[in-house]
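Taking it in order: structure first as structure tokens, then the write-up.
Just so you know, all these numbers are worked out from the coordinates, no wet-lab data involved. What you see is a predicted model, and the numbers here were worked out from it, not measured in a lab. With ideal geometry, Cβ positions are generated from the backbone for all residues, glycine too; neighbour counts draw on all protein chains shown.
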Amino acid sequence: MSSEWKQETMAVQGGYSPKATEPRIPAICQSTTFKFDSAEHVAKLFDLELADPMYTRISNPTTDAFEKKIAMMEGGVAALATSSGQAATSLAILNICRSGQHVVAASTLYGGTYSLFANTLPKMGIEISFVDPEASAEVIAAAFRPETRCLFAETIGNPGLNVLDFEKFSAIAKQQQVPLLIDNTFATPVLCRPFELGADIVIHSATKYIDGHATSVGGVIIDGGRFDWECGKFPELTEPDASYHGLQYSKTFGPAAYIVKARVQLMRDLGPTPAPQNSFLFNHGLTSLPLRIERHSENALALAKHLFLHPSVSWVNYPGLESHKSYALGQKYLPLGCSGVMTFGIEGGHEAGIKFMEACRLIALVVHVGDARSCVLHPASTTHRQLSEEQQQASGVTADLIRLSVGIEHIDDIIADVEQALEVSQN
Ligand SMILES: Cc1ncc(COP(=O)(O)O)c(C=O)c1O
């Protein structure tokens, strides 16, 4: 196995090398526990002197293969798989922030993450300041406080589809001596490798393109291994941990300190572990991810160009279009493609939006993105229906907005379905 491999090779062969007679692919190790012969062996596991699997909440061979492969594809030192993307974000923050501390986050976030930051973390004493990612470095820096412990953003914002200015964000994080945490769900490591652009920790909802076949909910945190936890702001990584006989993570585990702590402390205590079956499916999904995401991106760009000229469409939001405000950032940071999600405005507003969504035949009405199958949603009448018109506007959801997660079917069939549904929507 080599970190010099290209993404396609890592996706197929990374993370697992069987010995003679072992299964060719990582088997589903559907076992809660692992057998030992001596107290000494178990004691070494509890003292973190050995990393053998002991109990599936902490580690499991099937999950380990997935973690090793995604860590390799992202160019990180280690990964921790979780039971959902939400669990990955929660653990990623809680690993370095405690009550009384503070996070600065781009305001253009997935709704679940926004809610976690705006509602749930504050109840736990962690305050979040949201910043416009397009604001100047000075304005963003002004949101930092002495107790700020990280900067958080998405590579491609969901659902705004703004591409992050990594140069600006990584410079601010460095200047403020905090890690840059990036949700890379939409881009995947095939389209963007945030560690090469200054990020320190990457998270994913594995539910989306990593799985890619709408089978499993899951998440993962990957540690880039480069942040200096000994800078003085992170005593939880440098001072003795009483729950491990005074272990000091940074001293004992060096570049993998953050991810080891997340596993042996937070996964141990909070427990959002993935099922081995799901880890198997995520590993399987990664195998074809480079091929899939290339097709998702090609199809989305072709459809965006088609819709741009359509008389029943008032606007199209896709960063691969030259007219998009993030086009230049997309060309800089996502040269292989801008992934498969796009939004557009339908003539006729709310009513036409519902008609369009219900008229799609090939494209399915689901609350999901990143599936190989194309998906459609009219958020104003579904996911965002409880919000007032003003609240919908503030979250970027207009009455005419349609979200498409463009799948990997043939583009002619996708366009034909969109065409017939647009026609229905206008009558
Ligand atoms: C960008 C992004 N991050 C995180 C999540 C949360 O992931 P999960 O649904 O796996 O908990 C989602 C879900 O849609 C997402 O789109």
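Of all aspartates and glutamates in the structure, those lying under 12 Å Cα to Cα from LYS332, and not within fewer than 8 positions of it along the same chain, are ASP165, GLU167. Length gained on full extension, THR21 to ALA135: 35.3 nm, using 0.36 nm per residue less the C-alpha separation. The stretch between SER243 and HIS410, if pulled fully straight at 0.36 nm per residue, gains 54.7 nm over its current Cα-Cα span. Under the combined filter of DSSP loop state and at most 11 neighbouring Cβ atoms within 10 Å, region 4-84 retains these GluC sites (Glu not before Pro): GLU4, GLU49. Modelled spin labels at VAL366 and PHE46, positioned 7 Å past Cα toward Cβ, are 4.5 nm from each other. Exceedance of the 28 Å cut-off in Cα-Cα distance is limited, within the set LYS35/LYS261; LYS208/LYS251; LYS208/LYS355; LYS68/LYS168; LYS35/LYS233; LYS174/LYS251, to LYS208/LYS251; LYS68/LYS168; LYS35/LYS233. Taking the 0 to 90 degree range and rounding to the nearest ten, how far is the long axis of helix 85-94 tilted relative to the main principal axis of the chain, both from C-alpha atoms? The answer is roughly 50 degrees. The angle between the Cα long axis of helix 276-308 and the longest principal axis of the Cα atoms of the chain comes to about 30 degrees, rounded to the nearest 10. Taking 1.002 mPa s as the viscosity and 20 °C as the temperature, the Stokes-Einstein diffusion coefficient of the chain based on its alpha-carbon Kirkwood radius rounds to 96 µm²/s. Applying the criteria of a DSSP loop state and at most 11 other Cβ atoms within 10 Å to the GluC sites (Glu not before Pro) of region 226-322 yields GLU322.
Highest GNM mean-square fluctuation among ARG226, ARG361, ARG268, for the chain modelled with Cα contacts below 10 Å: ARG361. Spacing of the modelled spin labels on HIS350 and THR120, each 7 Å from Cα toward Cβ, amounts to 3.0 nm. Helical content of the chain, expressed as a calculated mean residue ellipticity at 222 nm, amounts to -10000 deg cm²/dmol (DSSP H runs of 4 or more residues, -39,500 (n - 2.57) each, divided by residue number, nearest 500). Return one number: the angle in degrees, 0 to 90 and rounded to the nearest 10, between the long axis of the Cα atoms of helix 61-74 and the longest principal axis of the Cα atoms of the chain. Between helix and principal axis, roughly 60 degrees.
The Rg/Rh ratio for region 119-227 is 0.97, where Rg is the radius of gyration of the alpha carbons and Rh is the Kirkwood radius.
Tell me which of GLY330, PRO319, ILE415 sits at the most positive position along the dipole axis of region 290-425, charges placed on C-beta atoms (Lys, Arg +1; Asp, Glu -1). With unit charges placed on the Cβ atoms, the residue in question is GLY330. Per-residue extension of 0.36 nm, minus the Cα-Cα distance of HIS213 and GLN175, leaves a gain of 9.6 nm for this segment. The modelled label-to-label distance for the pair TRP5/THR252, using points 7 Å beyond Cα in the direction of Cβ, is 3.1 nm. Per the Cα gyration tensor, region 295-335 maps to an equivalent ellipsoid with semi-axes of 19, 12, 5 Å, ordered largest to smallest.
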